[in-house]
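Derivation of every value follows stated rules applied to the coordinates shown; laboratory data play no part. On a predicted model such as this, the values are computed, not experimentally measured, just so you know. Cβ coordinates were reconstructed from backbone atoms using ideal geometry, including for glycine residues, and neighbour counts include every protein chain displayed.
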Amino acid sequence: MISISSDSKIDCQCCSSPRKVVAPFDGAVRSILLSLQKEFGASLQGVLITGSVITGNFHVNSDIDLFVIISEPKRQRRLFQLAPKDFVPALDVNPASPTNPTYGPRLESVQCEVFVNPAKRMLDEINGLEDPTVNAWRLGHVLYESSPLAIDAIATIELNPVSYLRQHAIETYHAGKPTFSTWSQFKVDSTRYGLMDGLLDAWDAIEAGDAASGSIMLSRGLSSALDVLYESRGWWGVKGKKRLLDLKENSLLTDITGKTRNDAKKALQLSRRIARDDLELVERYKALKELISVVVEPMGGMMTEWVTEWEPVE
């Protein structure tokens with residue numbers, strides 16, 4: 001078992017050219033690692049780090065996201081603020097101090113989120129195609145492992161759970177997700193109906209002159225339409241703040257059949273129009289209607305009638 005010390009380097013163990021957690025965030029991560037080691041001891045199997053502090057596009061408001069694997073059959077999610085004085089080594093944020101970060105505004109604290117799980121729980125979530133888990137593990141980096149993976153060795157979930165889960169998430173991501181062709185007819189129709197119902201609610205508010213409610217309904221309709229677009233096409237979901245960028249990237253890709261993802265390009269253009277608060281609500285509504293049409297077209301198109309199958313009741 002490798003021990004973490006107060007002067008341990010904070011860089012990844014999974015890349016030939018290791019990525020480093022840069023100052024001052026390295027002090028915060030080192031502090032958390034030492035705390036985890038003290039708390040879990042031999043039960044601590046490994047730690048994965050995700051987000052901007054390891055990818056390099058960090059800023060003063062960046063947070064720290066860690067996935068912790070323990071051998072005990074329990075899980076916990078933790079959210080907390082870590083003050084510079086609690087970094088290892090402690091960080092002097094006095095503007096006159098030579099250790100004060102020079103990249104931006106004064107650092108008051110760092111938000112930290114830690115997900116503690118046994119390896120099997122994470123494996124179940126990856127196998128269950130849960131978007132947040134798959135994305136976190138495929139984009140994350142191995143920060144610590146009690147039994148580091150040897151060069152050219154094959155990771156196992158028993159000995160190298162963090163390395164194993166990371167590789168498994170990458171493979172799962174590239175294998176893709178099922179499309180709406182695997183859905184039941186009821187799910188297809190109820191999904192189409194839900195989008196149409198939301199569109200009608202938006203128009204009712206706009207026609208009634210309730211601009212605030214109309215704008216809210218348009219925003220909800222946009223979010224719902226994009227959710228269905230991603231799920232029905234078998235695209236991996238992303239956080240809302242990254243969705244427009246992801247649509248742009250998707251428009252440059254091809255799907256499993258080799259066809260260009262033209263729906264992504266159309267959705268990006270229409271989403272930007274729907275989100276513009278300088279446009280008349282009617283114009284934004286028209287854009288939402290067109291977006292929904294794009295989403296449901298391969299699923300049977302816009303729905304004007306729907307009769308469900310009979311269901312027995314008691």
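Here is how the numbers come out for the structure above:
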| read-out | value |
| --- | --- |
| Given charges at beta-carbon only (K, R positive; D, E negative), |dipole| of region 3-157 in Debye | 140 debye |
| Local electrostatic count, Ala275, Cβ distance below 13 Å [Lys/Arg +1, Asp/Glu -1] | +4 |
| Positive-end residue of Ile274, Ser213, Ser293, charge dipole of the chain with Cβ unit charges | Ile274 |
| Label point 7 Å beyond Cα of Leu34 along Cβ direction - residues of region 65-88 with amide nitrogen under 16 Å | 82-88 |
| The chain - share of DSSP beta bridges that are antiparallel (%, nearest 5) | 75 percent |
| Cβ-Cβ FRET estimate between Val282 and Leu245, R0 fixed at 25 Å, reported to 0.05 | 0.35 |
| Which listed pairs, of Lys9/Lys38; Lys38/Lys241; Lys239/Lys266; Lys177/Lys286; Lys187/Lys266; Lys38/Lys120, have C-alpha distances above 26 Å, in listed order | Lys38/Lys241; Lys177/Lys286 |
| Rounded if a/c under 1.5, otherwise prolate or oblate - region 95-228, Cα gyration tensor axes | oblate |
| Karplus-derived 3J(HN,Hα), 6.51/-1.76/1.60, for each residue of region 267-283, Hz, glycine and proline x | 5, 5, 4, 6, 4, 4, 6, 4, 7, 6, 7, 8, 8, 4, 4, 4, 5 |
| Selection from Ala136, Tyr173, Ile157, by position along the positive dipole direction of region 130-213 (Cβ) | Ile157 |
| Amide H partners (placed H, <5 Å) of Gly46, local residues excluded | Ile69, Ser146 |
| Cα-based Rg / Dmax (Å) for the chain | 23.7, 75 |
